[in-house]
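The values are calculated or read from the model by the stated rules, or taken from the named source; none is laboratory data. All values derive from a computational prediction rather than experimental measurement. Glycine gets a Cβ as well: all are built from the backbone with ideal geometry, and neighbour counts include every protein chain shown.
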């Protein structure tokens, strides 16, 4: 069984989705993965990404947020 550590929980105010970020470490070793779980009512979307993809995704999210009202760059 992999070890799963909760990192953050978010609630999207407009859509009501629950988002949880988790670190997944497999018993056999190897790299840790970032699991994103999105719950929309009774439906779940779950996917795991490697550190390189997580960094690129995070940077893209931050770049977009900074261009929006209330973002750091606004």
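Okay, residues lined up against (1) under 14 Å from the mean Cα position of the chain (by Cα); (2) in a loop (DSSP other than H, G, I, E, B):
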position: 24; (1), (2): yes, no
position: 29; (1), (2): no, yes
position: 36; (1), (2): yes, no
position: 44; (1), (2): yes, no
position: 58; (1), (2): yes, no
position: 65; (1), (2): no, no
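Per the listing 51, 2, the residue uniquely surrounded by 11 or more Cβ atoms within 10 Å (Cβ to Cβ) and at pLDDT below 95 is 2. Of all positions in the stretch 17-33, none carries a residue that is modelled with pLDDT of 95 or more, in contact with a helix residue (DSSP H, G or I) (Cβ under 6 Å, 6 or more places away or on another chain) and closer than 12 Å to residue 6 by Cα.
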